[in-house]
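Where a number appears in this text, it was derived from the coordinates with a stated rule and is not lab data. The structure displayed is predicted, hence computed values, not measured ones. Counting neighbours? That spans all protein chains shown, and the Cβs are built from the backbone with ideal geometry, glycine included.
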Amino acid sequence: MNEMPNCIGCGAQIQTEHPGELGYAPASSLEKEEIICQRCFRLKNYNELQPVSLTDDDFLRILNGLGERKGLIVKIVDIFDFNGSWLPGLHRFVGNNDILLIANKADLLPKSVKEQKLLQWMKREANKLGLKPVDILTVSAQKGKGVVEAMEAIDHYRKGEDVFVVGSTNVGKSTFINRIIKQATGQDNIITTSHFPGTTLDMIEIPLDDEKSMYDTPGIINHHQLAHYLHTSDLKMIMPKKEIKPRVFQLNPEQTLFIGGLARFDFIKGDRSSFTFHIANELPLHRTKLENADELYNQHFGGMLAPPSEEYKEDYPELVRHEFRIKEAKTDIVFSGLGWVTVQHPDVIVAAHAPKGVEVMLRPSLI
Ligand code: GDP
C-alpha cells in the first residue's frame, strides 16, 4: 500500500477512515495534487475550527513537543467539569513555559457566583493539582464574555513569543479560538488564517501580527469523562445549555436521589440536612428510600430513570459505589462531567454511585 500523503495545512498524515480524527479527508480528495485535511479545509475556507481527537500516544508526542518550543501555554478547562477537563501533568511537559489558565463556560454557573471567589477557588485547586499559572481568567466563549480580556492577557503574557492553546475535548477550545479569530479579523487583522505552513506537531497555526503564531493543538481525550460513555442524543441532555439552577433537597438519612439513570446519591448517616444539586436543568432527579433504591434501579433503568435511554442502556457501564465521610460543611461531591452535589452540613456519611471508570471526588465547594 502506498504511504498516505501529509496535509499541506497542518502536516498530519491523511487518513480517510475516521472522520473527527486527525488528518481525516474524504477519499475523493486523494485524487488531488495538494491534499488538505477536512479540519484545515474548514479553517481555511470558513474560518472555522473543527475539533479532532487523537490517541494517547499522539498527545504525549504533542505535549512533549511543547516543552521544546518557547511560548505561552494557554490551558482551557471547562468550569462545569473542572477536574474532568483538567490535563493532569501538563506542567511536567511544558518545560519553563508559562501557563495561562482559562476556564470556559462561565455562563453555566449561577449568576450569584462572585468572580473573585471563583478565581481564588480556581487558584487553590490549580495549586493543589501542581499547577502555578501566571494568571487565571474566566470566559464564556459562546457568549463572547471575557474574550477580549483573554486576548489582551494572552498578548501580555506571551511576551512576544508564540502561543499554544491546549485543552481536553469538549472544553470549548474551538469555540474560543473561533471567537478570537472573528474578533481579531473584525478589527485590525491581528490574526489571520490566510496561511498556515505545515508544522510537525499536528497543530493548526494561526499567524499573529508579529511573525509569531498561535497554535491550536488537537483536543485531548480524558478517558474518565462521563461523555465517553454516552451516545450523542443522551449526551445532549447532560451537557447544560444555560445557567444552572441549583436544586436544593432537604434529606433525611437513608434517602437516595437518582440523577436520571446516570448516577445515584445516597444520604446514609447524619442529621437531616440540605444537599444542593448542580447539574443540567433538564436532568430529572428521583427521590426514594435507600432501602428501595437497588430495586428501583433494576426495574426502571432506561425508563423512568433516564438517560441513558432504553435504546442505549445496555452500553452504559454498571454503577460503582464510593462512600464518603464528610467532615467539612460545604463540600462538593463531583461526578466528573455530570455536575456536583454540595453537602451543606458537616458530619454526614454519603455514597455516590457513578459508572465504572468515571471519577468521583471531593472538593471544597465551588459555589
Ligand atoms: P472543543 O472540543 O474543546 O473544541 O469544544 P467545542 O468548541 O466543540 O465545544 C464543545 C461544546 O461546548 C459545544 O457543544 C459548545 O457549544 C459548548 N460550548 C463552548 N463554549 C461554551 C461556552 O462558553 N458556554 C457554554 N455553555 N457552552 C459552550
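Quick notes on this one:
- Once the Cα-Cα distance is subtracted from the 0.36 nm per residue extended length, the E211 to R61 segment shows a gain of 51.5 nm.
- Low-density loop positions, trypsin sites (Lys or Arg not before Pro), region 296-367 - DSSP coil, at most 11 other Cβ in 10 Å: K327, K356
- For the chain: relative contact order, % (alpha-carbon pairs under 8 angstrom, 6 or more apart): 15 percent
- Note on D271 and T16: the model spin-label points, each 7 Å out from Cα along the C-beta direction, lie 7.0 nm apart.
- Compared with the dominant Cα axis of the chain, that is its longest principal axis, helix 147-157 is turned about 60°.
- If both residues of a DSSP beta bridge must be in the chain, then about 65% of such bridges are antiparallel.
- When the GluC sites (Glu not before Pro) in region 269-367 are filtered for DSSP coil states and for at most 11 other beta-carbon atoms within 10 Å of their beta-carbon, the remaining sites are E318.
- With each label modelled as a point 7 angstrom along the Cα→C-beta vector, the E34-H345 pair spans 6.9 nm.
- Residue-averaged 222 nm ellipticity for the chain, from DSSP H runs of 4+ at -39500 (n - 2.57), nearest 500: -6500 deg cm²/dmol
- Where a label projected 7 Å from the Cα of N252 along Cα→Cβ would reach, residues of region 264-306 with amide N under 20 Å: 265-276, 286-296
- Label sites at K145 and D315, each approximated as a point 7 angstrom past Cα along Cα to Cβ, lie 3.4 nm apart.
- Length released on extending from K123 to E328, taking residue separation times 0.36 nm less the Cα-Cα span: 71.8 nm
- Loop-located trypsin sites (Lys or Arg not before Pro) across region 108-145 with a Cβ neighbour count of 14 or fewer within 10 Å are K111, K114, K143, with loop assigned by DSSP.
- Helix 56-68 and the long axis of the chain differ in direction by around 60°, with both axes built from C-alpha atoms.
- Nearest 10 degrees, 0 to 90: helix 115-128 Cα axis against the chain principal axis: 80 degrees
- Linear extension gain, E115 paired with N292, 0.36 nm per residue minus alpha-carbon span: 59.6 nm
- When each of K105/K212; K123/K145; K111/K145; K128/K327; K114/K143; K123/K212 is checked by Cα-Cα distance, pairs over 22 Å: K105/K212; K123/K212
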